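**Q** Attaching a single structure in structure tokens format; questions to follow.
The values are calculated or read from the model by the stated rules, or taken from the named source; none is laboratory data. Computed from a predicted model, the values in this text were never measured in an experiment. Please note: Cβ atoms are built from the backbone with ideal geometry, for glycine as well, and neighbour counts cover all protein chains shown.
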Amino acid sequence: MTLKAALTLTAAPAIILAATPADAHSSTTVFGISVIDASLHPFLGADHLLTMLAVGVWAALVSRNIFELLLAPSAFVAAMIIGFQLTIMNLMLPLVEPMIGFSLIMLGLMATTAVATPLGLGATIAFVFGIFHGQAHGVELLSADSGLVETIAIIGAFAFSTALLHLVGISVARKLFARQRWLAWFCGGAVSRFGLFTAEGL
């Protein structure tokens, strides 16, 4: 299975959910919440954006086959959905924002020292941080009167965007960082420093 085919299969459920029609009168809004807004949400916050890119970069640098390549990104997306569902159930995790800042520090360091992080440990770290990112998405995207169809559409939209950002990180790592490892060190260090800056501002 090729990388493109595997990522297409991974993202297909999210694409279907994101394309679910709201009602007979609107193709982009489900009960007042824009699916486009949910799709763009991972791109609009630097903390979410850099974290998702870093997961893809790290996965590309340490993987030897398609399973290893998709393990951490898939774990992150699944964990985000779990974190979002915790928000739906009003089960709020403590220290969400500090953990998001810490995720930048850790994932930046993982991208910098890719070979030093075992695959299973890295995927577990991505999963844990994904839960906190998913809860943050839930807090920001859900409203008190969000309905079932609206919630499903939002989950599908941001899950698809997250998978897309992982793909971008993978592509950058495969085409650029694999040949110029100093760039991975530099960019990973920059992500970690941004995480420190974020944590200091909390």
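**Q** Do we have any residue at all in the range 154-163 that's surrounded by fewer than 20 Cβ atoms within 10 Å (Cβ to Cβ), part of a helix (DSSP H, G or I) and not hydroxyl-bearing (Ser, Thr, Tyr)? Spell out the reasoning first.
**A** Going through the range 154-163, the residues surrounded by fewer than 20 Cβ atoms within 10 Å (Cβ to Cβ) turn out to be none.
For the range 154-163, residues surrounded by fewer than 20 Cβ atoms within 10 Å (Cβ to Cβ), part of a helix (DSSP H, G or I) and not hydroxyl-bearing (Ser, Thr, Tyr): absent.
**Q** Kindly evaluate Gly101 against the criterion of being within 20 Å of Gly188 (Cα to Cα) and not basic (Lys, Arg).
**A** Against the criterion (within 20 Å of Gly188 (Cα to Cα) and not basic (Lys, Arg)), Gly101 qualifies.
**Q** Within the range 33-114, considering only helices (runs of 4 or more DSSP H) that don't extend past its boundaries, which have at least 1 residues that are farther than 21 Å from Gly138 by Cβ, under 12 Å from the mean Cα position of the chain (by Cα) and at pLDDT 90 or above?
**A** 46-62, 66-88
**Q** Next up: List the residue pairs whose Cβ atoms are under 9 Å apart, where the first residue sits in the range 40-60 and is over 13 Å from Ala159 (Cα atoms), the second is outside any helix (DSSP H, G or I), and the two are 6 or more positions apart or on different chains.
**A** Partner pairs satisfying both residue conditions: Trp58/Thr117; Ala60/Ala178.
**Q** Show the residue pairs that are 6+ apart or on different chains and have beta-carbon atoms under 6 Å apart, the first residue being within the range 124-153 and exposed (fewer than 15 other Cβ atoms within 10 Å of the Cβ), the second being assigned to a helix (DSSP H, G or I) and modelled with pLDDT of 80 or more.
**A** Note: pairs meeting the criteria are Val139/Thr87.
**Q** Has the range 70-78 got at least one residue that is among the polar types (S, T, N, Q) and on the phi < 0 side of the Ramachandran plot?
**A** Yes - at least one qualifying residue is present in the range 70-78.
**Q** Which of the residues that make up the range 154-187 are touching a residue at least 24 places away in the same chain (Cβ under 8 Å) and basic (Lys, Arg)?
**A** Arg174
**Q** Could I ask something else about it? Across the range 165-199, what is the number of residues that are within 14 Å of Thr51 (Cβ to Cβ) and within 14 Å of the chain's Cα centre (by Cα)?
**A** Summing the residues that are within 14 Å of Thr51 (Cβ to Cβ) and within 14 Å of the chain's Cα centre (by Cα) in the range 165-199 gives 4.
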